[in-house]
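Shown next, in structure tokens, is the structure this report addresses.
The values are calculated or read from the model by the stated rules, or taken from the named source; none is laboratory data. Worth saying up front: this structure is predicted, and the values here are computed from it rather than measured. Counting neighbours? That spans all protein chains shown, and the Cβs are built from the backbone with ideal geometry, glycine included.
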Amino acid sequence: MAQQDRSIYLDHAATTPVRPEVQEALQPFLEGDQYGHPSSMHRRGQAARAAIERSRREIADVLATDPGHVIFTSGGTEADNLAVIGAAQAATAAGRVPRVAISAIEHKAVLETATPVDAMGGEVITLPVDHTGRIEPDAFQSAIEKGLAVVSVMWVNNEMGAIQNVAELAARCAALRVPFHTDAVQAFGKIPTDLTTVPHALVALSGHKIGAINGVGVLVVPDKALIAPLFFGGGQQLGVRPGTENAAGAVAMATAVRLAAERQPQFENHTRSLRDAFEAGVGAAVPDAAVVGQHGARAPHISCLGFPGTDSESLLMQLDLAGVACSAGSACSTGTLEPSHVLNALGVDPVIAVGALRFSFALSNGTADVDRTIAVLPGIVEKTRHLTASLERS
Ligand SMILES: Cc1ncc(COP(=O)(O)O)c(C=O)c1O
């Protein structure tokens, strides 16, 4: 019998296990007779088509949007790329300079769209945030008054959980007829995300963050004219995202979207109480630990903690050895530890930022996970500090 992995998983913002209900819904596609091509005329093809369109309707119902606005993608990255690059290309096709504004704390899936937008002869404006991760309203306003192809501001930040007031940002954009995109990958199912508060927005979701499977996502496209396609082929999905649709992925996504929406209040209460207990416990044991963005509006499931005098990679590896999985808040590039662009944008002291970790919670975590992590973390921080100090001396 396979040995059960008893390690503590506090990395749900990276990916979260496939829900049992999703596994069940996938069975006919994996080992049953649901293998038809959705564009085939025969019965098996029609069954696949029906599964996709049913999934699209179910997602649209949950999101309170039109089924025609739900475009399946290969994940959050593609949804973000399609929104930003697609809008820039639509502006170019209309004879306008593709000017785009994105917040300084976007996920790389948005941030790195700057390269193709630049290559199109466009301009990318970076919108600053305050120390809690909130967009600076004046900078936002003056950017959108420049006449933009699209503005992209994420609903919840993936590294430290900052929540933006997207309803207000979207309303400001709507008043100036500027297309608005929000990456809701870390928001959906975690905090209330009523899409009727952002009625004209492009909205990106990712399946594997909500217990669907890897490789499926959704972009809500309220008006096809907002974006040009990035792919070309068989004209599927109104030509917005052609290519043979992933029927199994669509079914997994619809199941996970429904469950995530149903359980959102429970998820929020549960993860908030775990996170608060965790931060209080770590604060008591490691008094100089810093909670990034502590006093701002934060999603309940993400805690970004910085430990001065350490580096996140060493902490991460030792925690893994102690049976705790989490993420680093810094990226190791060319052998040096660089604070993440998110923590830099918030103005976090580099000494704290290079020793930052992200812990992220879900309904499957319990107080025992929190207690165990609090029990091992202080020793690991202490050991890393000694090691770092002795390396600096040598
Ligand atoms: C905020 C955010 N946007 C986009 C993505 C990318 O989504 P995917 O992994 O589905 O491509 C992630 C995943 O880490 C994310 O956290």
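Here are a few things to note about the model shown:
- The condition of being farther than 24 Å from GLY133 by Cα, surrounded by fewer than 21 Cβ atoms within 10 Å (Cβ to Cβ) and in contact with a His (Cβ under 8 Å, 6 or more places away or on another chain) does not hold for GLY233.
- Options GLN236, GLN186; residue that is among the polar types (S, T, N, Q) and within 16 Å of the ligand (Cβ to nearest atom): GLN186
- Screening region 36-50 for residues that are in contact (Cβ under 8 Å) with a residue 12 or more places away in the chain and exposed (fewer than 15 other Cβ atoms within 10 Å of the Cβ) and picking the one that is nearest to GLY239 (Cα to Cα) gives SER39.
Residues are listed down the side, and each one gets a yes or a no for (1) part of a loop (DSSP other than H, G, I, E, B); (2) under 21 Å from LEU219 (Cα atoms); (3) modelled with pLDDT under 95; (4) among the aliphatic types (A, V, I, L, M):
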{"site": "ASN81", "(1), (2), (3), (4)": "no, yes, no, no"}
{"site": "ILE85", "(1), (2), (3), (4)": "no, yes, no, yes"}
{"site": "ILE102", "(1), (2), (3), (4)": "no, yes, no, yes"}
{"site": "GLY121", "(1), (2), (3), (4)": "yes, no, no, no"}
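- Close pairs (9 angstrom Cβ cut-off, 6 or more residues apart or separate chains): aromatic (Phe, Trp, Tyr) in region 64-77, part of a helix (DSSP H, G or I) and more than 16 Å from the ligand (Cβ to nearest atom) anywhere: PHE72/ILE52; PHE72/SER55; PHE72/ARG56; PHE72/GLN237
One line per residue, one yes/no per condition, for (1) out of contact with any strand residue (DSSP E or B) (no Cβ under 7 Å at 6 or more places or on another chain); (2) β-branched (Val, Ile, Thr); (3) without any contact (Cβ under 8 Å) to a residue 40 or more places away in the chain:
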residue	(1), (2), (3)
SER340	no, no, no
LEU346	no, no, no
VAL351	yes, yes, no
PHE361	yes, no, no
GLY379	yes, no, yes
HIS386	yes, no, yes
ARG393	yes, no, yes
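- Screening SER152 against (1) closer than 14 Å to ALA345 by Cβ; (2) within 15 Å of the ligand (Cβ to nearest atom); (3) small (Gly, Ala, Ser) leaves a single unmet condition, (1).
- Subset of region 104-113 that is more than 22 Å from ASP138 (Cα to Cα) and assigned to a helix (DSSP H, G or I) - its residue that is farthest from the ligand (Cβ to nearest atom): LYS108
- Test: residue in region 141-148 that is within 16 Å of the ligand (Cβ to nearest atom) and crowded, with 24+ Cβ neighbours inside 10 Å: no
- Filtered residues of region 20-37 (kept if away from the ligand (no atom under 16 Å from the Cβ), at pLDDT 95 or above and touching a helix residue (DSSP H, G or I) at 6+ places or on another chain (Cβ under 8 Å)): GLU21, ALA25, LEU26
- Restricting region 77-95 to residues that are within 16 Å of the ligand (Cβ to nearest atom) and hydrophobic (A, V, I, L, M, F, W, C), the residue that is surrounded by the most Cβ atoms within 10 Å (Cβ to Cβ) is VAL84.
Yes or no, residue by residue, for (1) of a type in the set (S, T, N, Q); (2) touching a Gly at 6+ places or on another chain (Cβ under 8 Å); (3) surrounded by 16 or more Cβ atoms within 10 Å (Cβ to Cβ):
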site: ALA362; (1), (2), (3): no, no, yes
site: ALA368; (1), (2), (3): no, no, no
site: ILE374; (1), (2), (3): no, yes, yes
site: LEU377; (1), (2), (3): no, no, yes
site: ILE380; (1), (2), (3): no, no, yes
site: ARG393; (1), (2), (3): no, no, no
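- On the stretch given as region 354-377, residues that are in contact with an Asp or Glu (Cβ under 9 Å, 6 or more places away or on another chain), in a strand (DSSP E or B) and not charged (D, E, K, R) total 3.
- Filtering region 221-241 to residues that are over 16 Å from GLU78 (Cα atoms), touching a Lys or Arg at 6+ places or on another chain (Cβ under 9 Å) and not in a helix (DSSP H, G or I) leaves nothing.
- One residue from ASN246, ASN214 being touching a helix residue (DSSP H, G or I) at 6+ places or on another chain (Cβ under 6 Å) and under 23 Å from ALA83 (Cα atoms): ASN214
- Qualifying residue in region 15-33 (condition: outside any loop (DSSP other than H, G, I, E, B), in contact (Cβ under 8 Å) with a residue 40 or more places away in the chain and surrounded by fewer than 14 Cβ atoms within 10 Å (Cβ to Cβ)): yes
- Here VAL100 fulfils each of the conditions (1) of a type in the set (A, V, I, L, M, F, W, C); (2) touching a residue at least 60 places away in the same chain (Cβ under 8 Å); (3) away from the ligand (no atom under 16 Å from the Cβ) apart from (2).
- Close Cβ contacts (under 8 Å, 6 or more residues apart or on different chains) running from residues in region 192-219 that are touching a residue at least 12 places away in the same chain (Cβ under 8 Å) and within 12 Å of ALA64 (Cα to Cα) to residues that are near the ligand (Cβ under 10 Å from one of its atoms) and of a type in the set (A, V, I, L, M, F, W, C) comprise THR193/TRP155; THR193/ALA184; THR193/ALA187.
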